[in-house]
Amino acid sequence: MNSGVLCLNSRVFKGLIEEFNNKNMNGNNKNNNNCKTSGAFLEKKRNVCRIEVPEVENLGVFRETIELMFEEDIIKRLMKIGVYRCIDILEVSAGNMFNRGVSSCLKYLEAVPWTEEEEEKLRSVFARFKFDEATTRDILGRLYLHDSVDSQQNLARQLKLGLSVYEKNQPDLNKEDFYVLFQSCLGLLVNLLDEAAGNSPIEKVTKKERSKPLIERISRQVDNINWLLEILLDRQMAEEFVDMWANQEKLLKLRESASSMVRYELSLVSAILFIAMGTRKLQCRLEARSGLLQAWFGPMLSDFGWLQRCRKGLDIKALEEAMGQVLLTLPLRQQYALFMEWFQCFSRNSSECPNLGKAFQIWWRRSFLRGSETYAIESR
């Protein structure tokens, strides 16, 4: 191994190697080439410093963690490894004071959905290690909710009362060029909705364009956006589009007065983003996920009936699962507001609303069953 890389990445290894080198320079180890320090054995043999680490429970995870010290983009590697293994790597990184590894693991874990088994595993790691509060704030917001018992009981009563029935493999893709195209397509889409609302002077629309139905032109722009989005998703370069789509305030305003078919076309874009995030194909920071849900979750609920009837290749079951998974990546307090919005929609017309029951049950257990246990422990 390259001792410089080890020293640069791990405070534990750095301390051991520097201590050994200092002893070697001072001649203190002429008669004793082995020394035990901080749980590791160091041996000088043929000008090589040998570190022997005892009590390694999982050699594969330990090896992967060391290999990550030599990676420039750790998160890209973690995306291939997956959540469960990443939690193991987080634990080894913390034990070896591999701060870059810890930070990368936490960023990746915050950006993706977890299974309940993965959540319990992560909760166990947080119980044994102390991490930087600023780095872990968003993850802790998903793991714990410190609400009072009264507020939980009030919510339970409310719920009971409300219950009722291209060529994608081109090597020279330029991210900036794609986002210029995105801006152009979004601008054209806003203009088309302006035209649909009667806000665009007829002389601004070319004769050739006027010869085509408006919904056809809108559908073509949405197809263009989705095609570009699929390419960037394949190249793992779609994070910025989440922000762009979440910040389409004028588009959302025009959507309110648009026809059902027009609103449905817009929700197709949101559906692709939800599926990409829910299946861990797209990772983005909490602010981006929160902004997307605040802007487009409500429209998705109202347009879901149309999405079921006009699928355009959309996997509805995958969309429902993904929407639930993305909700569960938010802090519990934000999950509460969005699940309540969904619950009201589902109570009114369940057949026209996405089935997020599985995610809702997970949220309920996290918020109330475990929340009550936490409250009881804190009270004692």
| request: Pull up the stretch 304-333, narrow it to residues that are open to solvent by 60 Å² or more (accessible area, probe 1.4 Å) and closer than 20 Å to Ile362 by Cβ, then point me to the one that is nearest to the chain's Cα centre (by Cα). | output: Glu321
| Qualifying positions in the stretch 277-292 - among the hydrophobic types (A, V, I, L, M, F, W, C) and farther than 16 Å from Arg255 by Cα | Met277, Leu282, Cys284, Leu286, Ala288
| task | Considering only residues that are more than 15 Å from the chain's Cα centre (by Cα) and small (Gly, Ala, Ser), look in the stretch 67-102 and name the one that is most open to solvent (accessible area, probe 1.4 Å). | result | Gly95
| query | What helices (runs of 4 or more DSSP H), lying completely within the stretch 229-334, carry at least 3 residues that are of a type in the set (Gly, Ala, Ser)? | reply | 260-278, 286-309, 316-327
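Has the stretch 57-68 got at least one residue that is modelled with pLDDT of 80 or more, of a type in the set (D, E, K, R) and closer than 30 Å to Ala276 by Cβ?
yes
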| Flag if Glu265 is at pLDDT 90 or above, over 26 Å from Tyr84 (Cβ atoms) and touching a helix residue (DSSP H, G or I) at 6+ places or on another chain (Cβ under 6 Å) | yes
| request: From (1) touching a Ser or Thr at 6+ places or on another chain (Cβ under 9 Å); (2) surrounded by 15 or more Cβ atoms within 10 Å (Cβ to Cβ), pick out the condition that doesn't hold for Glu64. | output: (1)
| Test result for Leu59, of a type in the set (A, V, I, L, M) and open to solvent by less than 60 Å² (accessible area, probe 1.4 Å) | no
| query | Any residue at all in the stretch 108-123 that is modelled with pLDDT of 90 or more, open to solvent by 40 Å² or more (accessible area, probe 1.4 Å), closer than 22 Å to Leu68 by Cβ and not acidic (Asp, Glu)? | reply | yes
| message | Checking the conditions here, which among Leu229, Leu301, Leu282, Leu286 is under 15 Å from the mean Cα position of the chain (by Cα), modelled with pLDDT of 90 or more and either closer than 19 Å to Glu352 by Cα or buried (at least 20 other Cβ atoms within 10 Å of the Cβ) (or both)? | response | Leu282
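The values are calculated or read from the model by the stated rules, or taken from the named source; none is laboratory data. Please read all numbers here as calculations on a predicted model, not as lab measurements. With ideal geometry, Cβ positions are generated from the backbone for all residues, glycine too; neighbour counts draw on all protein chains shown. We work out accessible area using only protein heavy atoms, side chains counted, and drop any ligands, DNA or RNA first. Shrake-Rupley method; radii C 1.70, N 1.55, O 1.52, S 1.80 Å.
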